[in-house]
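Let me begin by presenting the structure, written as structure tokens, before commenting on it.
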Amino acid sequence: MTRIVVTGAAGFIGANIIKGLNARGYDDILAVDDLTQGDKFRNLADLQIADYIDLNDFYQHLADGTYGQVEAVFHEGACSDTMEHNGKYMMQNNYTLSCDLFQACQRRGIRLLYASSAATYGNSEVFREEPACEGPLNVYGYSKLLFDQRMRRECGTNFERCASGKLSQVAGFRYFNVYGPREQHKGRMASVAFHQFNQFKTEGRVKLFGEYNGYGPGQQLRDFVFVDDVVAVNLWFFDHPTQSGIFNLGTGRAQPFNDIAHAVINNLREAGTPELSLQDAVDKGLIEYIPFPDALRGKYQCYTQADLSALRAAGCDHSFATVAQGVAKYVDWMKAQA
């Protein structure tokens, strides 16, 4: 039986990866997390795992071989709060522990598939996995970038040491704006779609930023990627152990925040009612544009779009959901949870 580890297992992406593994028949899964925030247990309650391990116990035990033969680690555990200013805490969680995990995996012949972030790019206008495009704006982005840089040093600039078989597979994924089921515990860091769903349910409208930096109301663009697509790409690399490197994981298609709001509103309207156009939603007061906050001026990404060249060159031809498709599935899921 194939034994797999998922860190951050009770978190958003970690729990969805376990769901994806279960769908393939894998259940010898070691779920690693910190359940200090106890309500995260809900993300694991309907999943099949072999054991739960507190993160404080896991890293040394893995290095010692306590868990026997492990095929792969999906490393999703991290502090993902981009507003967290405690750099010591951030670096310990996102960099130091990841370095320890990499060393343990290489000693034991374990494949490592890990979460990086599009936050490594900062205000870049080009989102390609190259140092010239990288420039994080906060310590979260820096913690992710530093580990990517460490992997380039350990594995070779083009991960040639993995390709040659000298090192086990290492694949890092720079997640763009991920949304979907099992993110309800994330609070302010949950996706725009999650917050707009709840805002519309309670207030009957969705609020978006108005004009800023040359972008019209609600026209700021992000690469929004549905979590099922994130899982699919992770599992593609699990199926292709010879493929290593750092890869963008977005749709490659920037869409405006208006598209998210439009999809949320239409999917929350009563069944049988005609679909509203974006302008209809604005005219009816279902979308309200608010002044751009002064606190975010100069610190806000108005545009992100993943360059998928490296992902496609590796052979992954996964087709990504549009905002309309992904949000429809997500809203259905959230309505079912109510």
Find the centroid of the Cα atoms in the stretch 41-70 and in the stretch 268-338, then give the distance between the two in whole Å. 34
Hits in the stretch 276-299: amide N under 14 Å from the 7 Å Cα→Cβ extension of Glu203, namely 285-293
Can you tell me the Rg and Dmax of the stretch 186-280, counting just the alpha carbons, in angstroms? 16.8, 50
Candidate cut points under GluC sites (Glu not before Pro) in the stretch 111-140, DSSP loop plus at most 13 other Cβ atoms within 10 Å of their own Cβ, are Glu125
Compactness relative to 2.2 N^0.38 Å, alpha carbon Rg of the stretch 44-154: 1.17
Residue-span extension gain [Arg128 to Glu71] - 0.36 nm each, minus C-alpha spacing: 17.6 nm
Hey, which of these cross-link pairs are over 25 Å Cα-Cα: Lys40/Lys207; Lys144/Lys299; Lys19/Lys201? Lys40/Lys207; Lys19/Lys201
In whole Hz, what ³J(HN,Hα) sequence does the stretch 32-38 give by Karplus (6.51, -1.76, 1.60; θ = phi - 60°), x for Gly and Pro? 10, 6, 10, 9, 4, 7, x
Candidates per GluC sites (Glu not before Pro) in the stretch 243-338, loop by DSSP, up to 16 other Cβ within 10 Å: Glu270, Glu275
Provide the packing ranking of 185-192, 227-234, i.e. peptides ordered by the mean count of other C-beta atoms within 10 Å per residue, highest first. 227-234, 185-192
Compute the label zone of Ala338 within the stretch 202-242: residues whose backbone N is under 15 Å from the point 7 Å along Cα-to-Cβ. 202-206
Ordered by residue, what ³J(HN,Hα) values in Hz, to whole numbers, does the stretch 112-124 give under the Karplus form 6.51 cos²θ - 1.76 cosθ + 1.60, where θ = phi - 60° and Gly and Pro are x? 10, 10, 10, 8, 9, 7, 5, 5, 5, 8, x, 8, 4
What is the magnitude of the charge dipole of the stretch 137-226 about its Cα centre, with +1 placed on the Cβ of each Lys and Arg, -1 on the Cβ of each Asp and Glu, and no other charges, expressed in debye to the nearest 20? 240
Note, the stretch 224-236: 3J(HN,Hα) by Karplus (6.51, -1.76, 1.60, θ = phi - 60°), whole Hz, Gly/Pro = x, goes 8, 10, 6, 4, 4, 6, 4, 4, 4, 6, 4, 6, 4
Computed [θ] at 222 nm, deg cm²/dmol, the chain (DSSP H ≥ 4; -39,500 (n - 2.57); rounded to nearest 500): -11000 deg cm²/dmol
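One-quarter of the Cα convex hull surface for the chain, in nm²?
Working: hull surface 68.7 nm².
Computing the convex hull of the Cα atoms and averaging its projections yields 17.2 nm².
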Quick one: grab Rg to one decimal and Dmax as a whole number for the stretch 95-144, Cα atoms only, in Å. 13.2, 40
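Read-outs throughout are calculated quantities, based only on the coordinates presented, and are distinct from any laboratory measurement. If you're wondering where the values come from, they're calculated on a predicted model, not measured in any experiment. Don't worry about glycine lacking a Cβ; one is built from the backbone with ideal geometry, like all the others, and counts go over all protein chains shown.
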